[in-house]
Amino acid sequence: MDSKIAIILFSTLLPAFVVAYVLRTNGKTINFAVVGGTAIYVISIVLIFLAFYMSEVMNMRADDLVLMLPLIIGALGYFFLKGSNTGNER
């Protein structure tokens, strides 16, 4: 496995697990927490690969975004998902 791909795949796992865990402990169902964590994982990977391809247009190194982007996406995803009434346990 290429080292860049390994860093991308493993650096996005922790924010996805944290979002799923926090959603579950805040009263969401297990299915909602798993779907939320998976969505954060997929969105983070897609945005990192997009940053690699768009780095020349943005005029910055994409390597700088690899570790920050999943944390930002995880935080935004948590704050958007925790306030919804969907997925609450009864």
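The numbers here are math on the coordinates, done by the rules we state, and not lab data. This one's a predicted model, so the numbers in the text were calculated from it and none came from an experiment. When we count neighbours, we look across all protein chains shown, and the Cβ atoms used for this are built from the backbone with ideal geometry, even at glycine.
Applying a threshold of 9 Å to beta carbon distances and a minimum spacing of six or more residues, or different chains, the list of pairs starting in the stretch 48-63 at a residue that is hydroxyl-bearing (Ser, Thr, Tyr) and ending at one that is loosely packed, with under 15 Cβ neighbours inside 10 Å reads SER55/ARG61; SER55/ASP63.
Within the stretch 1-26, restricting attention to residues that are touching a residue at least 40 places away in the same chain (Cβ under 8 Å) and within 18 Å of ASN85 (Cα to Cα), the residue that is surrounded by the fewest Cβ atoms within 10 Å (Cβ to Cβ) is ASN26.
Taken across the stretch 66-73, residues that are out of contact with any strand residue (DSSP E or B) (no Cβ under 9 Å at 6 or more places or on another chain), without any contact (Cβ under 8 Å) to a residue 40 or more places away in the chain and under 20 Å from SER84 (Cα atoms) do occur, with at least one present. Only one residue in THR38, THR29 is in contact with a Gly (Cβ under 7 Å, 6 or more places away or on another chain), hydroxyl-bearing (Ser, Thr, Tyr) and under 19 Å from THR86 (Cα atoms). Which one? Exactly one residue qualifies, and that residue is THR29.
Of the listed requirements (1) of a type in the set (A, V, I, L, M, F, W, C); (2) farther than 24 Å from THR86 by Cα; (3) surrounded by 12 or more Cβ atoms within 10 Å (Cβ to Cβ), MET58 misses just one: (3). The number of residues in the stretch 41-89 that are part of a loop (DSSP other than H, G, I, E, B) and hydrophobic (A, V, I, L, M, F, W, C) comes to 1.
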